[in-house]
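The values are calculated or read from the model by the stated rules, or taken from the named source; none is laboratory data. Note that this is a predicted model, so its numbers are computed, not measured. Heads up, the Cβs are rebuilt from the backbone with ideal geometry, glycines too, and the neighbour counts pull from every protein chain shown.
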Amino acid sequence: MTRAMGFHAPVTLDEATALLAADADARCLAGGATLVAMMNAGLVEPSTLVSLRHIDALRGIEPVGDGFRIGAMTTHRETASDARLDGGHAAVREAAAVIANPAVRNMGTMGGSIAFADPAADYPPALVAIEAEIEIAGADGRRRVTAADFFTDWYETALAPGEIVAAIHLPAMPAGARGTYHKLARVAGDFATASVAVVLAMAGDSCCHLRIAIGGCGPTPVRLAEVETRLIGGELDAPAVREAGEMLARAADPVDDARASADYRRLVIPRLLARAIERARAGGAS
Amino acid sequence: MRIEQSFTIAAPRERVWRAITDPARMAPCIPGCDAIEITGSGRYRIRVAVAMGPVKATFNLDVEVTEETPPGFVASITRGEEGTRASVLTAHSELHLAAIDGGATEVRYISEISIVGRLGRFGLGVMKKKAASLGDAFAQSFRARVEAEAAA
């Protein structure tokens, strides 16, 4: 069954949100890396596509104070190759660098990826670990939610019908912080079997800042404040990190699927965490 | 995929049996079910809408009760489709009611579900989680209904 599909390419965000508000079955089209694949598979049949390609306000990575505003239409390639995203912000750059393959990284956008909210995608844990905020635009104006509140369930987000992601705000990181993203995938380019994003800062031998988020192991990234509290002030020795990883594994709710069993995912979480912490202390991904 | 879930209701087994074998009382507790039609003895047709993120599906399902042993066992076969046969679903289900201490009832069901077609392309692991959360929602609303009837 096919029917004529509408197509709009507005140049302002207000036009885009008005078009989306007017039609509940309209979908916005960002890079198309996911939406077009789902349309081809017959899983999504939008009445109208609202392309966001020509809206300048959705583009580019801008420094804001000591943080950044990343426009929703910024491609994974742009994020992965922006050397300004270092220190704690490197967690997001490293996540962008391991999404799928070069073709997808050239098309896919941060806004599109997080709006789809695949639980095995790379940005969600990175954005939760650096405590990013998501700027949402709708016909009634703008609002911001934390990344932790943005991801609500399997493929579900805080976006209301007609709303779109306008930007992702990365806050300033503590002095000396280092972020990293460590992904376990069956083959290069696959979704994560499990992944870990870490942002940490050390004062001498003791940890003074730590954020951990686990990806691919539940409906939304797994972050436990109590795990971070226990480790902050300590030396991040192997037994303490192992125990933290086990607490996170118990809190996870992974699926059994073609990539791995739920038990396997729980098993690898502590090991991935240990490696990610080691890597962050050594200065990030090599 | 195999779905196995159980929950308890603070009501005697006979009362739970009457409610769960009455489509008019049971179907409204199914999340997303907006229509039910009795098509014969032990046969009914239901319509159930399910959504996960951007993917939305409305199933038209024919349920046929193949075995019924009051007041504790029902076996049924469900067949149906969604999106003008874009996906086809078949499920073999068993329902067990067991009386437990204090006049309560344990409801346990096992369903072996196969979905082919467009939804079959969706991750099975996530679909199973979705089925479990729909099952929990059903348990909550069915329990509330039967306990309210028992208290009345």
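Here is how the numbers come out for the structure above:
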| read-out | value |
| --- | --- |
| Check on A:ARG186, outside any loop (DSSP other than H, G, I, E, B), outside the structural domain of A:GLY32 (by TED's automatic domain parsing) and among the basic types (Lys, Arg) | no |
| Hits in segment A:139-152 - residues which are surrounded by fewer than 23 Cβ atoms within 10 Å (Cβ to Cβ) and modelled with pLDDT of 95 or more | A:ARG142, A:ARG143, A:ARG144, A:VAL145, A:THR146, A:ALA148, A:ASP149, A:THR152 |
| Flag if A:ALA9 is surrounded by fewer than 18 Cβ atoms within 10 Å (Cβ to Cβ) and touching a residue at least 24 places away in the same chain (Cβ under 8 Å) | yes |
| Residues satisfying the stated conditions in segment A:259-281, i.e. assigned to a loop (DSSP other than H, G, I, E, B) and touching a residue at least 60 places away in the same chain (Cβ under 8 Å) | A:ARG259, A:ALA260 |
| Residue check, A:GLU78 acidic (Asp, Glu), crowded, with 21+ Cβ neighbours inside 10 Å, within 20 Å of the chain's Cα centre (by Cα) and not assigned by TED's automatic domain parsing to the domain that holds A:SER195 | no |
| Test set (1) in contact (Cβ under 8 Å) with a residue 12 or more places away in the chain; (2) more than 14 Å from chain A (Cβ to nearest Cβ) - B:GLU67 fails condition number | (1) |
| Residues of segment B:10-54 classified as part of a strand (DSSP E or B), crowded, with 18+ Cβ neighbours inside 10 Å and more than 15 Å from the chain's Cα centre (by Cα), total | 1 |
| Residues being surrounded by fewer than 24 Cβ atoms within 10 Å (Cβ to Cβ), assigned to a helix (DSSP H, G or I), more than 14 Å from every other protein chain (Cβ to nearest Cβ) and in contact (Cβ under 8 Å) with a residue 24 or more places away in the chain - total across segment A:98-131 | 5 |
| Scope segment A:44-72; condition assigned to a loop (DSSP other than H, G, I, E, B) and more than 17 Å from A:ALA132 (Cα to Cα); matching residues | A:VAL44, A:GLU45, A:PRO46, A:SER47, A:LEU52, A:ARG53, A:HIS54, A:ILE55, A:ARG59 |
| Filtered residues of segment A:156-182 (kept if aliphatic (A, V, I, L, M) and farther than 11 Å from A:ILE136 by Cβ) | A:LEU170, A:ALA172, A:MET173, A:ALA175, A:ALA177 |
| Scan of segment A:183-200 for residues that are small (Gly, Ala, Ser), away from every other protein chain (no Cβ under 14 Å) and surrounded by 20 or more Cβ atoms within 10 Å (Cβ to Cβ), ordered by number | A:SER195, A:ALA197 |
| So A:ASP190, is it charged (D, E, K, R) and free of Cβ contacts under 8 Å to residues at least 12 places away in the same chain | no |
| Residue in segment A:153-174 that is crowded, with 23+ Cβ neighbours inside 10 Å, among the hydrophobic types (A, V, I, L, M, F, W, C) and in a helix (DSSP H, G or I) present | no |
| Matching entry among B:SER133, B:SER76, B:SER93 (being surrounded by fewer than 17 Cβ atoms within 10 Å (Cβ to Cβ), within 30 Å of B:ALA150 (Cβ to Cβ) and either within 13 Å of another protein chain (Cβ to nearest Cβ) or free of Cβ contacts under 8 Å to residues at least 40 places away in the same chain (or both)) | B:SER133 |
| A:ALA33 being surrounded by fewer than 17 Cβ atoms within 10 Å (Cβ to Cβ), within 29 Å of B:GLY117 (Cβ to Cβ), hydrophobic (A, V, I, L, M, F, W, C) and modelled with pLDDT under 95 | no |
| Filter pass, A:THR180 being farther than 25 Å from A:ALA26 by Cβ, among the hydroxyl-bearing types (Ser, Thr, Tyr) and crowded, with 24+ Cβ neighbours inside 10 Å | yes |
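Here's the yes/no breakdown for (1) outside any helix (DSSP H, G or I); (2) more than 14 Å from every other protein chain (Cβ to nearest Cβ):
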| site | (1), (2) |
| --- | --- |
| B:THR84 | yes, no |
| B:LEU97 | yes, yes |
| B:ILE113 | yes, yes |
| B:GLY125 | no, no |
| B:GLU147 | no, yes |
